[in-house]
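Asker: Supplied in structure tokens, the structure appears directly below.
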Amino acid sequence: MTTKSSVSLLLFSWSRFRFCASRAPCSTFGPLIQTTPPSHISVCRRSLSSTVKVRSYLQYVKRKIKSPPSPPYSHVCQVGDPVLRSHAAAVDPAAITGLEIQKVLGTMVKVMRKLECVGLSAPQIGVPLRILMLEYPWKLFEEVSPAAREARGLSVQPLRIFVNPELRVLDSRTVLFQEACESISGFSATVPRYLSVEVSGLNEKGEAVTWQASGWSARILQHEMDHLDGVLYLDRMDTKTFININWQEHNE
Ligand SMILES: [Zn+2]
């Protein structure tokens, strides 16, 4: 059974956790007006090439002063980066408490909290290893209205880390909600996810852990598990719901 959200017009921002009421999709505006000449492709190319040029110069200046960063990055990789489409490798359990993996975990926590996102996977910071984490702090929870918390099944969650996680579906009914991803910055879409799942793996100390999650926590887990297999929400979304979350600002 598929449950469609009665609040599908509310936009949930994965990164900000704020609901932006009544942001209707672009399609509600009917046919687009074509400008003359209808050369939007070449216009896009021009702007793209000029962006690349500016960035390349800035990068050049930056690299003159500083060597390029290497993973684990303190930023999130963006779609197009091959690391986001690779199948992440399992972590040697004996290495979890070692310096290298602990550094990856520490950086992930730092990045996740800096961006105020509720979940993160290691490939997103350039490390193709099977590690994911989630955390739903009270600070973000209280920004959401009680009605929306209820509808999405939101709950405050402590930091949970899973190394080499395995996911089992407990309730195969799916629910549709808008979700976003830090690796597809500025966009959002409706994605079906299972209502309830169980995750098993190793924690940051290398201890075996199992957790059953439902509602929004189950959604986060499925989203982050997908990252470990090179899958993005783009592969699962309802394509007609894909939006630029700032589309209104472009008209102002
Ligand atoms: Zn993501």
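Asker: Any idea which of LEU202, LEU232 is within 16 Å of the ligand (Cβ to nearest atom), out of contact with any Asp or Glu (no Cβ under 6 Å at 6 or more places or on another chain) and either in contact (Cβ under 8 Å) with a residue 12 or more places away in the chain or within 17 Å of TYR136 (Cβ to Cβ) (or both)? Even if it seems obvious, please write down each step before you answer.
Answerer: Working: LEU202 fails: within 16 Å of the ligand (Cβ to nearest atom).
None of the other options fit; the residue is LEU232.
Asker: Another question, then. Within the stretch 116-133, how many residues are over 11 Å from the mean Cα position of the chain (by Cα) and within 11 Å of the ligand (Cβ to nearest atom)?
Answerer: So the count comes out to 2.
Asker: Got a number for residues in the stretch 95-134 being closer than 20 Å to PRO68 by Cα, part of a helix (DSSP H, G or I) and among the aliphatic types (A, V, I, L, M)?
Answerer: 5
Asker: Also, I was wondering about something else. Has the stretch 223-234 got at least one residue that is surrounded by fewer than 15 Cβ atoms within 10 Å (Cβ to Cβ), of a type outside the set (Phe, Trp, Tyr) and on the phi > 0 side of the Ramachandran plot?
Answerer: For the stretch 223-234, residues surrounded by fewer than 15 Cβ atoms within 10 Å (Cβ to Cβ), of a type outside the set (Phe, Trp, Tyr) and on the phi > 0 side of the Ramachandran plot: absent.
Asker: If you don't mind, another one. Specify which of the listed residues (ILE220, ILE243) is within 16 Å of the ligand (Cβ to nearest atom) and either more than 22 Å from ARG130 (Cβ to Cβ) or of a type in the set (A, V, I, L, M) (or both).
Answerer: Working: ILE243 fails: within 16 Å of the ligand (Cβ to nearest atom).
Of the residues listed, the single one that is within 16 Å of the ligand (Cβ to nearest atom) and either more than 22 Å from ARG130 (Cβ to Cβ) or of a type in the set (A, V, I, L, M) (or both) is ILE220.
Asker: Residues in the stretch 170-199 that are in contact (Cβ under 8 Å) with a residue 24 or more places away in the chain, of a type outside the set (Val, Ile, Thr) and away from the ligand (no atom under 14 Å from the Cβ): how many?
Answerer: Of the residues in the stretch 170-199, 10 are in contact (Cβ under 8 Å) with a residue 24 or more places away in the chain, of a type outside the set (Val, Ile, Thr) and away from the ligand (no atom under 14 Å from the Cβ).
Asker: Looking only at the stretch 62-94, which residues are without any contact (Cβ under 8 Å) to a residue 60 or more places away in the chain, among the small types (Gly, Ala, Ser) and not in a loop (DSSP other than H, G, I, E, B)?
Answerer: Answer for the stretch 62-94, where residues must be without any contact (Cβ under 8 Å) to a residue 60 or more places away in the chain, among the small types (Gly, Ala, Ser) and not in a loop (DSSP other than H, G, I, E, B): just ALA89.
Read the figures in this text as sums done on the coordinates, not as results from a lab. Predicted model only: the values in this text are computed from it and were never measured. Methodologically, a virtual Cβ is constructed for each residue, glycine included, from the backbone with ideal geometry; neighbour enumeration extends over all protein chains shown.
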